[in-house]
1. Name the pairs: first residue in segment 125-145 and farther than 14 Å from residue 282 by Cα, second residue among the hydroxyl-bearing types (Ser, Thr, Tyr) and surrounded by 17 or more Cβ atoms within 10 Å (Cβ to Cβ), Cβ to Cβ under 9 Å, at least 6 apart or on different chains?
2. Go through (1) over 30 Å from residue 603 (Cα atoms); (2) touching a Gly at 6+ places or on another chain (Cβ under 9 Å); (3) touching a residue at least 60 places away in the same chain (Cβ under 8 Å) and name the single condition residue 312 misses.
3. Give segment 379-409 a look and list any residue that's closer than 30 Å to residue 533 by Cβ, under 29 Å from the mean Cα position of the chain (by Cα) and free of Cβ contacts under 8 Å to residues at least 60 places away in the same chain, or say none.
4. Got a sec? Which of 508, 460, 498, 445 is under 29 Å from residue 278 (Cα atoms) and surrounded by 18 or more Cβ atoms within 10 Å (Cβ to Cβ)?
5. With segment 353-458 as the region, which strands (runs of 3 or more DSSP E) entirely inside it contain at least 1 residues that are of a type in the set (Val, Ile, Thr), under 25 Å from residue 336 (Cα atoms) and at pLDDT 90 or above?
6. Determine whether residue 164 is farther than 30 Å from residue 92 by Cα and among the acidic types (Asp, Glu).
7. Yes or no: residue 310 surrounded by fewer than 17 Cβ atoms within 10 Å (Cβ to Cβ), of a type in the set (A, V, I, L, M) and out of contact with any helix residue (DSSP H, G or I) (no Cβ under 8 Å at 6 or more places or on another chain)?
8. For the condition closer than 20 Å to residue 40 by Cα and loosely packed, with under 15 Cβ neighbours inside 10 Å, what is the one hit in 174, 105, 90?
Amino acid sequence: MISSVIRLARVGSRSELAAAVLMGLGYPCVMIAALIPDIWMFAAAAAVTYAADWYLHQRGSYLVNRLDKVRAGLPIRFLLRQLLLILLLARMGLAEEPLFYAAVAFFLLFYGLQAPHGALTTLIRLRRTMPVVTRNVDLNAVRIPDAPPRALLHRSGRKMLHLDIPAMAGVVVAAATGYDIAGYAGTALSVALGLAYTAALVPYLRRGRRVPSGPAVLKAVQKWLGEYQPTVALYFSGSEDSAYQVNMWLETMEQLEGRPIVVMRERGLVAKLNQTSVPVLCIPGGQHLMAMQFDSVRVALYPANVGKNIHMLRVPTMKHVFIGHGDSDKLASVNPFSKVYDEVWTAGRAGRDRYAIADVGVRDDDIVEVGRPQLAPIESWTGAPRNPVPTILYAPTWEGWDNNPGNTSLLLAGENIVRRLLEAERPVRLIYKPHPFTGIRNKKALAAHERITAMVRKAAAERAADPRWAGEAAAGQDERAAARAALARIEARLAELAKPGRAGGDEAEESRVSLADPERLAEIKRLRAEWNGAYWRSLGWWEHTVVTGSQPTLYDCFNESDAMVSDISSVVSDFIASGKPYAVTDSAELGAEEFRRQNTAVRAAVVLSNGAGELDRLLAAVADPAADTLAGARAELRKYLLGPDEPSSIEQFDAAVRALAAKAEARNAGVRQRVGEQAIGELDRESDAGAQGAEAEGNGGAGGTGGAGAAAAAAR
């Protein structure tokens with residue numbers, strides 16, 4: 001019941017729901033207390049509204065956003081509380097007292113201060129917003145001053161509004177006790193604090209505190225591009241939740257020959273990038289990007305098909321390649337938009353055949369098989385479970401943009417899959433890792449995800465209390481405690497290394513200080529690997545768990561598991577690299593044969609119906625290699641989907657970049673030659689026309705004048 005209310009109210013937890021209820025009840029209580037009048041009831045109810053409001057803002061509750069949309073935002077709520085205090089004073093018979101006039105005057109002055117304060121904070125932010133955000137780019141050519149202290153600008157509007165607390169408290173105390181001095185002191189303190197806060201912002205409007213103008217910054221970036229001379233660009237644009245699509249390519253970019261660069265379009269995604277040594281250039285404005293000269297770039301790589309790709313696709317001096325962010329049998333893997341690219345790179349032969357079957361206009365000559373360099377961290381299966389209890393990964397994909405029931409197993413099969421795994425005759429351990437987009441399109445999918453999460457956590461708690469596992473839990477208790485301590489230590493160190501420079505810097509300051517530091521990046525990678533190991537050691541090998549967020553990664557979950565259940569997506573294609581048994585859900589109920597015919601990645605899978613009764617075959621294959629009848633098919637399918645093991649994927653990918661760069665160079669040389677020939681031809685025609693005109697002038701003149709004209713023409 002409570003879970004349903006939480007979902008309907010769009011709050012994130014029981015505590016948020018409690019705060020929302022308290023705030024919703026608090027304001028009517030404040031009004032009733034003002035009308036009665038009851039000063040202490042008013043004080044208590046007002047305090048509750050302050051606390052509940054503060055808590056919801058701290059948690060970033062969706063409810064706060066909804067209140068803003070229905071014109072009940074934070075300023076209105078503060079104003080309402082203050083007006084009700086005025087009403088309380090009037091109902092107490094204090095309307096003719098100096099305290100009443102002091103309170104009214106204060107609130108008028110207090111709201112008068114909101115405008116200059118808001119204007120100053122907005123102006124400071126605007127003047128510190130550069131047309132680009134960078135990482136690992138040297139912008140010393142322009143002077144970027146330190147950002148104002150975070151305390152001044154972070155949640156500045158809320159801080160300013162909360163300065164009414166001394167006045168509210170002072171007036172309430174004065175009304176209750178008759179000591180008006182408390183009310184005067186409180187209002188004076190609030191006014192003084194408001195004035196001081198506003199005055200503290202003024203110095204940051206000085207020229208020396210501003211970042212350089214947009215043209216100056218763009219000029220500095222262009223100068224840096226001329227010095228760095230990037231050769232291959234990873235171009236990305238996407239939503240706030242799509243950072244994983246670019247993150248998966250960063251290590252590949254680091255390993256390429258030449259000088260790579262990442263070009264992005266959304267400011268908010270820069271903060272979500274993994275640590276990398278590759279220069280990152282985020283240019284949100286289309287006009288700025290199109291004015292930027294990427295003369296040295298010969299190959300541009302695109303992980304996603306989005307509208308903003310057009311701003312880079314228009315550059316003819318580079319070759320454009322769609323590399324995608326996964327290789328699967330989804331319709332997205334044969335998008336007709338792919339025709340706009342010079343080449344489409346797939347992992348193996350399967351991708352090439354997929355485009356041929358779809359017949360969407362992508363020519364076979366434009367498809368290049370390059371493997372999947374990102375799959376290098378995936379460990380191959382040894383043929384037996386790594387722990388006494390097999391670990392099964394359930395990694396469903398999201399619901400997609402349409403209502404196709406075959407997109408995700410969550411809606412029709414998810415709970416059946418999880419229930420059968422949790423209640424398996426031979427115990428297994430379940431890792432549940434949902435797609436990060438789960439629930440953004442279909443709220444039923446979000447509800448199913450929440451129910452599955454609850455099932456897994458309940459089963460984990462029951463297993464922890466089960467006497468059958470008590471001995472194992474006790475035996476490994478010290479090791480798990482040590483692993484948790486290691487996690488805390490590693491996370492603290494990673495937090496220190498997360499951002500260079502001082503804490504509280506804004507985008508402009510971070511662009512100045514975020515330069516590649518090989519030692520720092522090497523330590524971060526080492527700590528990430530240590531964190532992953534400590535994370536799994538902190539859990540018992542029998543312990544069910546839900547994995548969300550970016551860590552541990554999907555590939556880390558692959559390595560920890562002995563088999564996987566998933567849907568048609570790149571997750572399946574990637575998991576095939578491990579050689580482990582896997583199952584795919586036929587959520588659209590096409591039937592096993594038709595499902596295999598339509599989806600290449602299912603050829604070596606156990607096909608599940610929505611009832612998930614076929615899971616026994618998967619569990620048998622994990623427990624006994626003799627029962628794994630699909631092992632040979634998986635090996636064959638691995639080569640078909642992902643390409644040969646030799647040469648390595650990164651070698652294939654790098655060779656493809658070099659080959660396409662050579663084509664771009666040949667194209668550009670040809671254009672220069674044709675332009676040069678055309679220019680010479682135009683000069684010859686101009687010379688011929690001049691000679692003919694001079695000859696005509698000479699023939700039309702009198703006597704020796706014609707001879708002189710002809711001589712002059714000849715001289716020219």
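The values are calculated or read from the model by the stated rules, or taken from the named source; none is laboratory data. Everything numeric here is computed off the predicted structure, so don't read it as measured data. When we count neighbours, we look across all protein chains shown, and the Cβ atoms used for this are built from the backbone with ideal geometry, even at glycine.
1. That search, which allows pairs on different chains as well, returns 127/204; 128/204; 144/511.
2. Just one mismatch for residue 312, condition (2).
3. Result: 398, single match.
4. Step by step, each of 508, 460, 498, 445 is checked, and only 508 is under 29 Å from residue 278 (Cα atoms) and surrounded by 18 or more Cβ atoms within 10 Å (Cβ to Cβ).
5. Because the criterion is at least 1 residues that are of a type in the set (Val, Ile, Thr), under 25 Å from residue 336 (Cα atoms) and at pLDDT 90 or above, the strands (runs of 3 or more DSSP E) in segment 353-458 that meet it are 367-369.
6. It is false that residue 164 is farther than 30 Å from residue 92 by Cα and among the acidic types (Asp, Glu).
7. The answer is yes for residue 310.
8. Numbers: 174 fails: loosely packed, with under 15 Cβ neighbours inside 10 Å; 105 fails: closer than 20 Å to residue 40 by Cα.
Residue meeting the stated conditions: 90.
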